[in-house]
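These notes concern the structure reproduced below.
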Amino acid sequence: MKLKLISSLLLLFIGISAIADVHTNTTKNAAVEEAAGTLTGTVTDKADGKPVIGATVSIPDLHTGAITDANGKYVLNHVPRGVYLVQVSYLGYATFNQKVDLSKTSVFDVKLQASSLEAGEVVVTGVSKATEIKRSPVPMIAVGKAYLEQRAASGNIIDQIATLPGVSAVTTGPNVSKPFIHGLGYNRVITLQDGIRQEGQQWGDEHGIEVDQNSIDRVEIIKGPASLTYGSDAIGGVVNLITPAPVPEGKILGSVQGIYGTNQGLLNGSFRLQGNQNGLVWGTVISAKEAKDYQNQHDGRVYATGYKEKDARVMVGLNKSWGYSYLHASVFDDEQDIPDGSRDSLTRKFTKQVVEDGNAFRPIVSPSELNSYGIPTLHQHVQLYRIYNNSNFILGGGNLLVNLGYQFSHRREFTHPEAGDIAGLNLHLSTYTYDVKYNFNIGNDYETTFGVNGQYQNNTIGDATDFPIPAYHQFDIGPFFVIKKSFGKLDLSAGARFDIRSFKNNAAYVDTIGGPHGFPTLYNGSNPTTAPNVVSQFDAFSKTFSGFSGSFGATYNVSDQFLVKGNIARGFRAPSIAEISANGADPGSQIYHIGDKNFKSEFSLQEDIGAFLTLPNISASVEVFNNDISNYIFQQQVLNPDGSPVITQGYNTFTYVQSKAKIYGGEANVDLHPLPWLHFENALSLTYGENKGNGGPVADSLKHLPFIPPLHSHSELRGTFNKGFGDFKNLYVFVGFDHYSAQNRFFAAYGTETATPGYNLLSAGFGGNIVNKSGQPVIKLFVEGTNLANVNYQSNMSRLKYFDNAVTPDGVRRGIFNMGRNISFKVVVPFGFNTGKKSS
């Protein structure tokens, strides 16, 4: 039945595409010509009336845009009839947003107001149509290409956004980062790429998000329950990683990019090429990066923190009067070292495992190996192959959006030093995702969306020696609706959804000595209960979870400068496969996991309130939230009666438990502009997480939730000189200061977490463009320095702070410290040309 549903959706997509093709092939028909047209106009400076050259004019819902020419003119072809948000932006000007009825308007002139404020951000994530952030009651934040380009020092896309207000990351070294929003992560935050959910065993600690950071131009984040539009696992929020938009028609544009980081010797190269001819759009990004072990003053070089990553993606599609349809394919291939933190007891130098017995002789790692780009025998290899389609069809006065995807995740951990070709962990995860929704207006401009989305998963186990989770099938489905309406200054939105998730786990038996070198292996015999050395690893069972989620919010625009908004949302999350079925070691996380198939679904109720002020020389905001979660699932260590840890197969044993939880806090931002070119940006984030137990008293060591970030403040003094000097344009320079308070509110039971001292970090950077005679950039340069004071610190969100010997000398602070001083240099060489005649 599940496969039939997926097949039906695929057939539906093929059928709609065929109709669209017929529609396109008959564009000479007068009726069709009437349904689409051209939008033209001129963009000028409001103060002096001069043309604004190089301004971007786009219609986000249609994925189409243009750049103004030397006269400030633009042309958008193949625009369908209907009401769409048109956005016009250019550095040094306030972003212009206005809904335009394209069935009545073919000429649209815009006057831009000079401004140093970053306002008017438009998002497409979690909304029926492109919406200004300030008008959406759901708390959101977005950053664009300029922001990401200037964060050259970050080793991955999640680190590039991990300092945004309300956002953090749990890390296992510089290339393994998982997003957390308001203290929730793993299977409580959905990561999307172009609206397609990312699936790659995200319950695991020791691998990051399988996305090439060089292929991402924009990130949109929902800070709170997004189960309404994305279903289970979005109870904490959504991170949508958006790839490059199509280039203007008649253009072929590309770039060659290189990054070097001093701390790890990071080498990151990327090639990008995109084109658009008469609505046929295409693009590719090819990247490769590698780094050796990072270093700090306290630890020196940290053994087994290097990596090698290769990525490639292609896209081909159509932008026509019937809408658009893009086909994407990508490959992610990452070889990642696996650190364990073991040290020589006298010198505290790092040692490595060279024999199967991890407690036997461990030699000290040589300086040459610490400085090598080579991948050691003990490492993990994570691959993700993905193909997906994003389509938007103009049908019946509305928009039919169809997002279909397939991805295959292959995750291996090589944990046997004397048998380097045998995987300790070997998981194959195939995922089919579907998302179909129809946007239309009913009645008196009630923006309405009806949709259904979900996924089908199949997980199998390859040749391996450790089996933390079983082979399983999973199917999700969730119909939903959203409705929005504006009443003058008041914007209201509401919606509801019902989710169903079904699991079917396969039974598995393990021959404890039957594999190569005497390692355990999966047993496939017909009579496992009587076979020698065979034990039951997983029982076969099936289970279904279901639940309602919903949201209601309002935004009141008191004036053009001040608004308030609030939202209340109920989130739903079914337990993950690890939480209900785990029974095995995960060598990378150094934990033996035990799940509980009797778990109930998590439900949350979150309230958000915010106030936003925008004046000529100052912008400010305050947002607070409160999130009550029932059946909150977390891990705790299993102890013997004498208080010692239970050891299973050489690992500390952790089981999952449920209780009530409460997470609350807020963010504040103040951005001062005393001069048009000078910015003084300040942000403060605070999150508290409390374990409320299950009705009885909660011990002090259990009363705080794990992985709750401490108070974090960020201040940045930035100068921007868009007009620049001579051939140097779009110049910027900044100095940043980050303060992280001590985290004394931690999950202390069983030594799971420890207190983390506070610390301060200093950063700085500069960059700009070298342009040719026509004002086009020929070289872009970005320089960023992080931890410039070379502070020795441990983030409480770093798992490496717990990686050490079982016993450490008195007076020695346990664990591995974060990266020391790092200076990154990024050079981008753009190129491009016109392809000739544009479509009429």
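Please treat every number below as a calculation from the coordinates, not as lab data. Predicted, not measured: the structure shown is a model, and the values here were computed from it. Reconstructed Cβ throughout: ideal geometry from the backbone, glycine too, with neighbour counts over all protein chains shown.
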- Query: Just how far, in whole angstrom, is region 595-662 from region 33-78 if you go by their alpha carbon centroids?
  - Reply: 47 Å
- Note on the structure: Interchain or sequence-distant (5+) residues whose placed amide H lies within less than 5 Å of the amide H of Thr415 are Gly424, Leu425
- Message: What FRET efficiency comes out for Leu711 versus Thr754 if R0 is 22 angstrom and r is the Cβ-Cβ distance? Round to the nearest 0.05.
- Response: 0.80
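Measure up Lys129/Lys723; Lys565/Lys600; Lys565/Lys723; Lys111/Lys723 against 28 Å on the Cα-Cα distance and list the ones that go over.
Exceeds cut-off: Lys129/Lys723; Lys565/Lys600; Lys565/Lys723.
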- Message: So if each residue of separation counts as 0.36 nm, and I subtract the Cα-Cα distance between Ser559 and Asn444, what length gain in nm does that give?
- Response: 39.0 nm
- Take the alpha carbon atoms of region 189-224, find their center, do the same for region 796-826, and report the distance between the two centers in whole angstrom. 26 Å
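Might you report the magnitude of the Cβ-based charge dipole of the chain about its Cα centre, with Lys and Arg at +1 and Asp and Glu at -1, to the nearest 20 debye?
1700 debye
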- Can you give the net charge of the other residues whose Cβ lies under 14 Å from the Cβ of Asn426, counting K and R as +1 and D and E as -1? -3
- Considering only Asn392, His379, Ala423, whose Cα is most displaced toward the positive end of the charge dipole of region 335-448, charges sitting on Cβ of Lys, Arg (+1) and Asp, Glu (-1)? His379
- What FRET efficiency comes out for the pair Thr40/Phe408, r = Cβ-Cβ distance, R0 = 45 Å, nearest 0.05? 0.50
- Pop a pseudo-label 7 angstrom from the Cα along the beta-carbon direction at both Ala699 and Val638 and give the gap in nm to one decimal. 1.7 nm
- Query: Could you give me the ³J(HN,Hα) list for region 414-421, computed from phi with Karplus coefficients 6.51, -1.76, 1.60 and θ = phi - 60°, whole Hz, x at Gly and Pro?
  - Reply: 9, 10, 10, x, 9, 9, x, 8
- Task: Would you grab the residues whose amide H sits under 5 Å from the one on Gly237? Only those 5+ places off in sequence or on another chain, please, with H modelled 1.01 Å from N.
- Result: Ile190, Gly224, Ala226
- Computed on alpha carbon atoms, what radius of gyration and Dmax characterise region 370-435, expressed in Å? 19.9, 65
- Query: What list of ³J(HN,Hα) values in whole Hz, one per residue of region 602-616 in order, does the Karplus curve 6.51 cos²θ - 1.76 cosθ + 1.60 (θ = phi - 60°) give from phi, with Gly and Pro shown as x?
  - Reply: 7, 9, 10, 10, 10, 10, 10, 9, x, 10, 9, 10, 9, 10, x
- Residue separation times 0.36 nm, minus the C-alpha to C-alpha distance between Ser372 and Ser526: what's the value? 50.6 nm
- Message: At 7 Å along Cα-to-Cβ for each site, give me the label-to-label distance between Lys543 and Val314 in nm.
- Response: 4.3 nm
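All other residues with a Cβ under 12 Å from the Cβ of Leu370 taken together, and with Lys, Arg as +1 and Asp, Glu as -1, what is their net charge?
Numbers: positive: Lys292, Arg301, Lys349, Lys352; negative: Asp293, Asp299, Asp337, Glu369.
Computed value for this residue: 0.
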- Per-residue HN-Hα couplings for region 792-800 [Karplus 6.51, -1.76, 1.60; θ = phi - 60°; Hz; x = Gly/Pro]: 8, 8, 10, 7, 6, 8, 9, 6, 5
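Determine the shape class of region 141-218: with a ≥ b ≥ c the square roots of the Cα gyration tensor eigenvalues, call it rounded for a/c under 1.5, and otherwise prolate if a/b is greater than b/c, oblate otherwise.
rounded
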- Message: I'd like to compare 294-305, 41-52, 636-647: which one has the highest average count of other Cβ atoms within 10 Å, and what's the full order after that?
- Response: 294-305, 41-52, 636-647
- The summed charge of the Glu784 Cβ neighbourhood (under 15 Å; Lys/Arg +1, Asp/Glu -1) stands at +1
- Order of 94-107, 132-145 by packing, highest average Cβ count within 10 Å first? 132-145, 94-107
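Need one number: the % of Cα-Cα pairs in region 275-355 sitting beyond the 20 Å mark.
Of all Cα-Cα pairs in region 275-355, 58 percent lie more than 20 Å apart.
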- Item | Å³ per residue enclosed by the Cα convex hull of region 655-696 | 83 Å³
- Please give the direction-averaged projected area of the C-alpha convex hull for the chain, in square nanometres with one decimal. 35.6 nm²
- Query: How much length is gained on full extension from Ile618 to Ser536, taking 0.36 nm per residue of separation minus their Cα-Cα distance?
  - Reply: 23.1 nm
- Euclidean distance of C-alpha centroids, region 685-715 and region 512-570, integer Å: 23 Å
- Would you calculate, for the chain, the mean residue ellipticity at 222 nm contributed by helices, counting each DSSP H stretch of 4 or more residues as -39,500 (n - 2.57) and dividing by all residues, to the nearest 500? -1500 deg cm²/dmol
- Cα to Cα, under 21 Å, and not fewer than 8 places away if on the same chain: which lysines meet these conditions relative to Lys352? Lys292, Lys308, Lys801
